[in-house]
Structure formats: structure tokens, C-alpha cells
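This report concerns only the one structure given below.
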Amino acid sequence: MLEPYSSFPVFSDKVNKYWLTDRDRPHPGQYRIVVDRELPPSRSVMLLDPIGSGGFLSMLPEMARRTGLNPGSEADKQTIFEAMQLAGIELNGADHLFYFSNEQQKLLHNESFPAAVRQLTSEDADAFEDFVSEAPEDDMDEAFVELDHWLAFGCFVEDRLVSAASMYPWRGTSFADLGVITLPQFRGQGFGKQTVRAIGAQALRLGCEPQYRCQPDNVSSIRLAQASGFSPFATWDVIKPDED
């Protein structure tokens, strides 16, 4: 569950320009209907709910015609979902999108980390293999942490890798999508938080925007995101992949 904020954080221009461009935000509870010819087929329908305002339903022209929804108009969620249901359009399931606010980015720029938290390289292959053998298989599948990703960091306890995070470039953007796993017996001790902040700081130094995604029912992942300094930006959903 997301923790309430007394005021909304300010995010970087990269985040705002990618997700919101120059769109005027609709009123809370309403969605602007947007036809976007640049959407890839895998995201031919996309629902974005920014925190603190109305949202956007973006569609390829063909999908907009199928729904019968008026481009440029506003509609509430019930109207949208009824139109999509009649059109046979099903969404995949929402993700929370988290980013570091401008304030947190400044803190990370000046933050130092213990020597036990560092970037992983190919020389850490044995330690990473041992880590994978101990980590729950479901966690590895969901978090998608790999040593050979664009960036990988880990936290060590007495030469044992106990938390690992990795990032990869996301969908041709300057965002670096993040996954993190801490071994169950080492959770709740701050190792995941240190690893996430360290890899986030390095990504920012390299000119990339750290992005943290998780499903709304993943309470432990939400807590880690917020404990690590990420702020919720939006929930985001796309059309369900065609299994055929």
C-alpha cells in the first residue's frame, strides 16, 4: 500500500516529458482520450494514472475506433472499461511506476555508500551464482536481476552476496529499469535499500533515470521502493498480450 504524501514530489523533465508531454491533465477521476500513432503494437492501448490528477487513455487510431471513445474528450473509468469490454480489449494488469524526485536525486549525488555495496562485474560470477542458488525462484523470475545487465550492484556480508540489483535500458528511453532481490534471511536489515540507492546513484551519474516498477499487490516491493527514496509517479497499464 502506498504511503500518503503531504505534498506531491517534483520529478525530472525526463519523466514528465516522456509520460505527459505537453498534455493538460484532466480532473481527478477523469481520463483524457488520446490517439497516438506512435504507440507500438504491444502498447496499442495504454492507461496512465498520474498521482494527484486525472489520467490518460492512449490508443492507436484503430483501437480508438473500436472503442468508440472520442479523441480529446474526457471519460470516467467506468465508461472507459465498458467501452473496452464491448470492443473485446483486455488490459494486462497495472504496475506502479516509481522515480526519484529532484530532491532525492540531489541527495543521491552527494551520498556515499559502504565498501560492502559496490558495482558487480564478471569477476563476481561465482558469488552471483551462489546468490541465485539461494534466492527464491519466484523472486528471480519477477525481479529479473542479471549479472550481465547494463548495470549490476550488490551488497556483501562477510564476502557473501546477500542483495543484488540490476538495471537495463527501458524501451529505447533514457530510463533504467530496476530489479532487486535480497536473500530472505537478510531482509529487513537495510541491505536492499543500500543496494537500490547505490545503483540508482550510479545510473544518475551515467545520465539515466532510475525506474522502479512493481504490481500494486506487491506490498514488500512497494515498501522497499519508498524506503529507498523513490516516490510514486503513476500507475500504468497496457493491453494484454495476444497469447496466440
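Criterion applied to 46, 84 was being under 18 Å from the mean Cα position of the chain (by Cα), of a type in the set (A, V, I, L, M), surrounded by 19 or more Cβ atoms within 10 Å (Cβ to Cβ) and outside the structural domain of residue 208 (by TED's automatic domain parsing), and the one residue passing it is 46.
Count of the range 101-135 residues, restricted to those that are touching a strand residue (DSSP E or B) at 6+ places or on another chain (Cβ under 6 Å) and over 27 Å from residue 184 (Cβ atoms), is 1. Taking residue 76 as the residue in question, decide whether it is more than 27 Å from residue 30 (Cα to Cα) and touching a residue at least 12 places away in the same chain (Cβ under 8 Å). No; evaluated as a whole, the condition is false for this residue. Among the residues of the range 149-191, the ones that are on the phi < 0 side of the Ramachandran plot, within 20 Å of the chain's Cα centre (by Cα) and not hydrophobic (A, V, I, L, M, F, W, C) come to 11 in all. Where in the range 125-244 are there strands (runs of 3 or more DSSP E), lying fully within it, with 3 or more residues that are touching a helix residue (DSSP H, G or I) at 6+ places or on another chain (Cβ under 7 Å), crowded, with 18+ Cβ neighbours inside 10 Å and aliphatic (A, V, I, L, M)? It comes to 160-169, 175-182.
Could you list, in sequence order, the residues of the range 141-186 that are modelled with pLDDT under 95 and of a type in the set (Lys, Arg)? Residue satisfying the conditions is 171 alone. Per the conditions (1) crowded, with 18+ Cβ neighbours inside 10 Å; (2) more than 16 Å from the chain's Cα centre (by Cα); (3) in contact (Cβ under 8 Å) with a residue 24 or more places away in the chain, the sole criterion not satisfied by residue 97 is (2). Considering the range 206-229, the residues that are of a type in the set (D, E, K, R) and in contact (Cβ under 8 Å) with a residue 60 or more places away in the chain include one that is nearest to residue 162 (Cα to Cα), namely 213.
The values are calculated or read from the model by the stated rules, or taken from the named source; none is laboratory data. Just so we're clear, the structure is a prediction, and the values are computed from it rather than from any experiment. When we count neighbours, we look across all protein chains shown, and the Cβ atoms used for this are built from the backbone with ideal geometry, even at glycine.
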